[in-house]
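The structure under discussion appears below in the form of structure tokens.
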Amino acid sequence: MVTIDSLHGVNTKVIEQLAKLGIHTIDDMLFHLPLRYEDRTKIKKLADLKIGDHTVIDGTIQAAEEKYGKKRSLICMLEDETGTIMLRFFHFYPAQLEILKPGTKIRCFGEVRQGYNCLELIHPQYELLDYSNLTPDLAEHLTPIYPSNSKLNQAIFRSLIDQIFAKYDIIDYIPETLRSQLNLLPLLEALQILHHPTPQIATTDDKIPARHRLAFEELLAHHLSMYSLRVNASKHIAASLNNAGVLVQALLTQLPFKLTNSQQRVIAEINTDLNSTSPMQRLLQGDVGSGKTIVAAISALQAIESGYQVAIMAPTELLSEQHTRTFANWLEPLGIAFTWLTGSLTKKKREQVLETISSGQASLIIGTHALFQKDVEFAKLGLIIVDEQHRFGVHQRLALRNKGNQDGVYPHQLIMTATPIPRTLAMTAYADLDTSIIDELPPGRTPIITVIMPNTRRDKVIARIQDVCTNEARQAYWVCTLIEESEISQLQAAEETAIKLQEALPELQIGLVHGRMKAKEKEQVMDGFIAKELNLLVATTVIEVGVDVANASLMIIENAERLGLAQLHQLRGRIGRGALQSYCVLLYQQPLSEVAKARLGIIRDNHDGFVIAQRDLDIRGPGEVLGTRQKGVMNLRIADVRRDKDLLTDVVETGKIMFKQYPEQCQALVQRWMKEGLHYGEV
Ligand code: ADP
Ligand code: MG
């Protein structure tokens, strides 16, 4: 990798500014593509000018005048044989008054704007057309305009690019044979077209072959970096958790329901992995409410029966508590010891818990990311289960890969998510994982009815709560969102809402949960809600995951337009958990933009998380679909997963071939595009 400071004109200041744009190497510079182009290859006649043109014109100054208004300015009228235009300079030297006088011929370049009563150029660049310079050269190529900041001018970028083309071999890591099969341009050609396009090329078109070529290469690099993790992991050794399944049978006979076909299928897929001696890396996708927890429990028992420990990691304390309750129900009758580890334990309690983990006394350990802090030692960890993985960062997930490795034996990993990832996106963003999908809900669920209402109809909504909670003896959630503000004001909003609702609904028992409460307090409130002592639970979005109360059949979400679709879908998944008809009210603040209206409409009209995610991808792009915490997965510079989704199948195929036949090129590609990717394997 050649760093950018090996080029001329790059001093420490320039290095600093380039770094802010993410440019450290000459490759970074090459992939810093122009935003747009200016055409300085031909001279336009004044009669042909249009507002917004960036263009070259030649003409003779007809009149020049210094004006003293609010701002001193120099105004010249320029003419050619077809028309006139006004030039306006705000900064000028006395000498310029001498030069820009009637009769002088000049060539200007600038943006055409609508002036007071004629077209004008403000502060054009100009050259004199005098005896020594009658026909200066026009540019041969379109002039690129690079994304920049105020500290770097365009000339620097152009000079750097020219130097790189002149001095360095730009290596194409995609072998010629693959390239021709895929109809891809050679790299150098593509780069030259984008940095120095001829005027004939319609460079603003995203689909031109040159851009297509770079987008392909970028997606390929991303794919390879994830895929190589998977291939490397498959060389690791894991314990085969093969056994008669006595515990699993015991759990199944005690369950009050029968597993769905989908659940049975994914359990079989997981089981095959657990029996193998290479570590499982499996992503389990299943819509909210599809019953992933029981799948986790069955996998856990498989490991425990073989004498190994299982760690279940949840993104919030609330969810880890909920799991503790659920697992207590399922596992206590089987005599299995489990413990709970989160960040909020007292020092003394924490030490006790750590002791049961390191001694192997606890077979199942449920917790938050506190599970993987340095001082936590497992006696014999065989399986890690990550729930609601989209709430964790990508780096956290990847960092986990090497955790729990004991004497070269790696634990299996099951990663669960209710945020479905459209297939094309998953192929690249999760190329390091195998996937299993639960694609049906348990029987007997009645689809939730969702309505969209302006905030002004709150009173009607409050009357509905009264009705549901008293006449129908059911329960309700009121979700407060204020995502742009700080966590504290979100909390205030929730507290205030709870007070106001209590005033409006004096007969109801109202509880409040938010992320800032102590674990004990949260637990008390949740216990009260589960025991039906509370009718209405006012909450922040902490309840997005991990609340499972089948008697709750009404949810109101405030400022729904501010939440992501996946998050709305998750929240709504807290209701509709039984056979009862449930209702979700999405309250919004007027006025609602067209996009926001369309998005809420998607939630109202769809119940399938996959469909919702696909629509969200179409509207907002992969960063939003994967969630802010996942953005690192798809930090794309040139490619765009929506625009370039047609490339993804070829990317995956090419990745496979390259990984087998051209390992060095693979590594070079990943290095070129993903500085972060290099560290993934090491954390
Ligand atoms: P999620 O996939 O969102 O984590 P859960 O595991 O919390 O879903 O399951 C939602 C609810 O469905 C729970 O109350 C669970 O006990 C119940 N459930 C799970 N599987 C079945 C099934 N096969 N039949 C009926 N109910 C089920
Ligand atoms: Mg769940």
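The values are calculated or read from the model by the stated rules, or taken from the named source; none is laboratory data. It should be emphasised that the depicted structure is a prediction, and the values quoted were computed from it without experimental measurement. All Cβ positions, even for glycine, are placed from backbone atoms using ideal geometry, and neighbour counts span all protein chains on display.
Criterion first (farther than 21 Å from His412 by Cβ, in contact with a Gly (Cβ under 9 Å, 6 or more places away or on another chain) and surrounded by fewer than 18 Cβ atoms within 10 Å (Cβ to Cβ)) does Gly343 satisfy it? Here the answer is yes, as Gly343 does meet what is asked.
I'm checking my understanding of the structure. Among residues of the range 420-438 that are within 16 Å of ligand 2 (Cβ to nearest atom) and modelled with pLDDT of 85 or more, which one is farthest from Ser228 (Cα to Cα)? Among them, the one singled out is Ile438. Criterion first (in contact with a Leu (Cβ under 9 Å, 6 or more places away or on another chain), farther than 18 Å from Phe257 by Cβ and part of a helix (DSSP H, G or I)) does Ile304 satisfy it? When the stated conditions are applied, Ile304 passes them. Here Pro333 fulfils each of the conditions (1) within 11 Å of ligand 1 (Cβ to nearest atom); (2) part of a helix (DSSP H, G or I); (3) out of contact with any Gly (no Cβ under 6 Å at 6 or more places or on another chain) apart from (1). The helices (runs of 4 or more DSSP H) located wholly in the range 175-264 that include 3 or more residues which are crowded, with 18+ Cβ neighbours inside 10 Å and of a type outside the set (A, V, I, L, M) occupy 209-233. Residues that are surrounded by 23 or more Cβ atoms within 10 Å (Cβ to Cβ), within 16 Å of ligand 1 (Cβ to nearest atom) and over 31 Å from the mean Cα position of the chain (by Cα) within the range 527-565 comprise Phe529, Ala552, Ser553, listed in sequence order.
In the range 274-292, which residue that is crowded, with 21+ Cβ neighbours inside 10 Å and part of a helix (DSSP H, G or I) is nearest to ligand 1 (Cβ to nearest atom)? Ranking the candidates gives Lys292 first.
The set of residues in the range 388-419 being more than 16 Å from Gln263 (Cα to Cα) and within 15 Å of ligand 2 (Cβ to nearest atom) consists of Glu388, Gln389, His390, Arg391, Phe392, Thr419. As for the range 610-623, it holds no residue that is within 16 Å of ligand 2 (Cβ to nearest atom), out of contact with any Gly (no Cβ under 7 Å at 6 or more places or on another chain) and either modelled with pLDDT of 85 or more or in the same structural domain as Ile465 (by TED's automatic domain parsing) (or both). Annotation: of all residues in the range 1-38 being loosely packed, with under 13 Cβ neighbours inside 10 Å and of a type in the set (A, V, I, L, M), the one that is farthest from Leu636 (Cα to Cα) is Met1. If the condition is being outside any helix (DSSP H, G or I) and farther than 18 Å from Gln154 by Cβ, then the range 25-52 contributes Thr25, Lys42, Ile43, Lys44, Lys45, Leu49, Lys50, Ile51, Gly52.
Exactly one residue out of Leu669, Leu648 is modelled with pLDDT of 90 or more and surrounded by 20 or more Cβ atoms within 10 Å (Cβ to Cβ): that is Leu669.
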